[in-house]
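Notes follow once the structure below has been shown.
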Amino acid sequence: MGQVEFELACATLKQLKGPVSDQEKLVVYSFYKQATKGDCDIPAPPDTDVKAKAKWEAWNEKKGMTKLDAMRIYVTKVEELKKKENGQGGQRVKQ
């Protein structure tokens, strides 16, 4: 797993046409930022900027995670979104 797979996942994400929830967007964003920038090094935005604050908090929660681990998880999350778009994911089996 390396830079090539990560870049392919970035391209795949841009091509997804299905709906992606705000929560899914935040999760993918946070791993992307951690993979590309490392630990969050910007001050928290004001609470009045709800969207920026949510993005900051999602990224800041990844503090301490290696860039490589963040890349791996990002690729996995994008693959999950792609499967969901293709109707192959998100279904649970009742027990």
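The values are calculated or read from the model by the stated rules, or taken from the named source; none is laboratory data. Predicted, not measured: the structure shown is a model, and the values here were computed from it. Cβ atoms come from the backbone with ideal geometry, glycine included; neighbour counts cover every protein chain shown. Accessible surface areas use protein heavy atoms only, side chains included; no ligands, DNA or RNA. Shrake-Rupley method; radii C 1.70, N 1.55, O 1.52, S 1.80 Å.
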Next item on the list: Provide the net charge surrounding S21, with neighbours chosen by a C-beta distance below 13 Å and charges set as Lys +1, Arg +1, Asp -1, Glu -1.
Entry: -1
Item checked: Residue (of P19, A54, L8) at the positive-pole extreme of the chain, dipole from beta-carbon charges -> P19
Margin query: Over the chain, with the other protein chains present, what is the accessible area per residue in square angstrom, probe 1.4 angstrom?
Written below: 72
Next item on the list: Averaging sequence separations of C-alpha pairs under 8 Å and six or more residues apart, then dividing by the length of the chain, give the relative contact order as a whole percent.
Entry: 40
Next item on the list: Find out how many positive minus negative residues lie around D49, taking Lys and Arg as positive, Asp and Glu as negative, among other residues whose Cβ is under 12 Å from that of D49.
Entry: +1
Checklist line | Nearest-10 value in Å² for the accessible area of L68, using the 1.4 Å probe | finding: 70
Check: Carbon-plus-sulfur fraction of the accessible area of the range 9-95, 1.4 Å probe, in percent?
Finding: 51
Check: Magnitude of the Cβ-charge dipole of the chain, K/R +1 and D/E -1, about the Cα centre, nearest 20 debye?
Finding: 320
Next item on the list: Counting only trypsin sites (Lys or Arg not before Pro) that are in a DSSP loop and have at most 16 other C-beta atoms within 10 Å, tell me the longest site-free stretch of the chain.
Entry: 18-62
